[in-house]
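One structure is given here, and the rest of the page talks about it.
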Amino acid sequence: MLFDAFNGDADGICALHQLRLAEPLESELVTGVKRDLALLKRVAAGAGDRVTVLDVTVEKNLAPLTALLAAGVQVRWFDHHNPGELPAHKNFEAHIDTSAEVCTSLLVDRHLGGRYRAWAVTAAFGDNLHGSARKAAEPLGLDAGQLDALRELGECLNYNAYGDSVDDLHFHPAELYRRLHAYADPFVFIAEAPEFLTLRQGYAADMAQAEALQPYEARPSGAVYLLPDAAWARRVSGVYANDLATRHPARAHALVTRSPKGHYVVSVRAPIDNRSGADTLCMRFETGGGRKAAAGINNLPEGRLADFVQAFYATYPG
């Protein structure tokens, strides 16, 4: 039996899409909202089964990964987050690169020799790696309008992954993947798929509300925003953080969203001019993690907001 476990954002979806275009196999899909990272505990695999994991960190899945390997499961892993200590096992195949300018879809693109490059470009735009996206796109000979279309698609796919639960999303990530997987060409998906129109309209409406926000605290080196307990705020938290980072490349950003469960959820973006520090900042807090350029905290207690703000500006003092 084959399992595909993937992050529900643009990078995870586009990474799997590329792989299954190259290796068309039926699999059981395991995914969820962007912050649902402990995916392997939901994989009921046994000896002889194969599991492919995309765009989630090994560190958050080490115990079930170890158990699966011991049970005779073959595991292939593509990711760009800090993995922690990797297991040494004959059944484990790792494609991991934590460089600040790569995403999982670019790693899959590397693995496939660029066979479905336009989808890797889409994912890189969605992960706010605009420079990497444009560099990867150079062999494709795309014009400015086509690049802009892939950027918008990546941002819309990424936008759909943010929420406290799948109830906040426009589409369950597994369903969005299934619908997208019918299109080998991203430009045809943009032109024809009703799902893209839904995401485009939702993105515009939610971003309009985000633009009305004022910073909780702003300094030349960084800005912290507090977002309310509302579905639109949860949906827009990641993409608005990316948008702010793009508009203010010398500044770090943190979006702190109040959860209906009584805590905060944090998205951090390092300055584009210095893509570092986000992972180490967030890992100072329980449930925190990510990569150098972009990281987050899944559960920041309300009473620790001041501690986080202090740590944020200590990391990005200017």
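Any idea what % of Cα-Cα pairs in region 202-270 are farther than 15 Å?
Cα-Cα pairs in region 202-270 separated by more than 15 Å: 47 percent.
When the gyration tensor of region 253-318 is built from Cα positions, what are the square roots of 5 times its three eigenvalues, in whole Å, from largest to smallest?
Over the Cα atoms of region 253-318, the ellipsoid semi-axes are 19, 12, 10 Å.
Provide the three semi-axes, in whole Å and in decreasing order, of the ellipsoid equivalent to region 82-202 as defined by the square roots of 5 times the Cα gyration tensor eigenvalues.
Output for region 82-202: semi-axes of 25, 20, 14 Å.
Can you compute the charge dipole magnitude of region 251-318 about its Cα centre, using +1 on each Lys and Arg Cβ and -1 on each Asp and Glu Cβ, nothing else charged? Give it in debye, rounded to the nearest 20.
160
So which trypsin sites (Lys or Arg not before Pro) in region 256-313 pass both tests, a DSSP loop state and at most 15 other Cβ atoms within 10 Å of the Cβ?
261, 284
Please name whichever of 310, 278, 300 sits farthest to the positive end of the charge dipole of region 250-318, dipole taken about the Cα centre and charges placed at Cβ: Lys and Arg +1, Asp and Glu -1.
Positive-most Cα among the choices belongs to 278.
Determine which aspartates and glutamates satisfy two conditions relative to residue 60: a Cα distance under 16 Å, and not lying fewer than 8 residues away in the same chain.
Partners within reach: 36, 79, 85, 279, 286.
Give the distance, in whole Å, between the Cα centre of region 1-25 and the Cα centre of region 135-178.
14
So which of 34/261; 34/292; 34/135 end up more than 20 Å apart by C-alpha?
Where the Cα-Cα span goes over 20 Å, the pairs concerned are 34/135.
Classify region 169-318 as rounded, prolate or oblate, taking a ≥ b ≥ c as the square roots of the eigenvalues of its Cα gyration tensor: rounded when a/c is under 1.5, otherwise prolate if a/b is larger than b/c and oblate if not.
prolate
Can you bin every Cα-Cα distance in the chain into 20 Å intervals starting at zero and give me the percent of pairs per bin, rounded to whole numbers?
Spelled out bin by bin, the chain gives 35, 59, 6 percent.
Going from the alpha-carbon gyration tensor of region 1-142, what semi-axes, largest first and in whole Å, does one get by taking the root of 5 times each eigenvalue?
The equivalent ellipsoid of region 1-142 has semi-axes of 26, 15, 13 Å.
Taking the Cα centre of the chain as origin, work out the dipole magnitude from +1 charges on Lys and Arg Cβ and -1 charges on Asp and Glu Cβ, in debye rounded to 20.
Roughly 480 debye, rounded to the nearest 20.
To check you understand DSSP bridge types, tell me what percent of the beta bridges within the chain (both residues inside) are antiparallel, rounded to 5.
Looking only at bridges with both residues in the chain, the antiparallel portion is about 40 percent.
Cα gyration tensor of region 15-66, axes a ≥ b ≥ c as square roots of the eigenvalues: rounded (a/c below 1.5), prolate (a/b > b/c) or oblate?
Cα axes put region 15-66 in the oblate bin.
Using +1 at the Cβ of each Lys and Arg and -1 at the Cβ of each Asp and Glu in the chain, identify which of 212, 125, 78 lies farthest towards the dipole's positive end.
78
Restricting to DSSP loop positions (anything but H, G, I, E, B) with no more than 16 other Cβ atoms inside 10 Å of their own Cβ, which GluC sites (Glu not before Pro) remain in region 1-108?
Taking region 1-108 and a limit of 16 other Cβ atoms within 10 Å, the loop GluC sites (Glu not before Pro) found are 26, 85, 101.
No lab work stands behind these numbers, since they all come straight from the coordinates. Predicted model only: the values in this text are computed from it and were never measured. Neighbour counts are summed over all protein chains in view; Cβ atoms, including those assigned to glycine, are modelled from backbone coordinates with ideal geometry.
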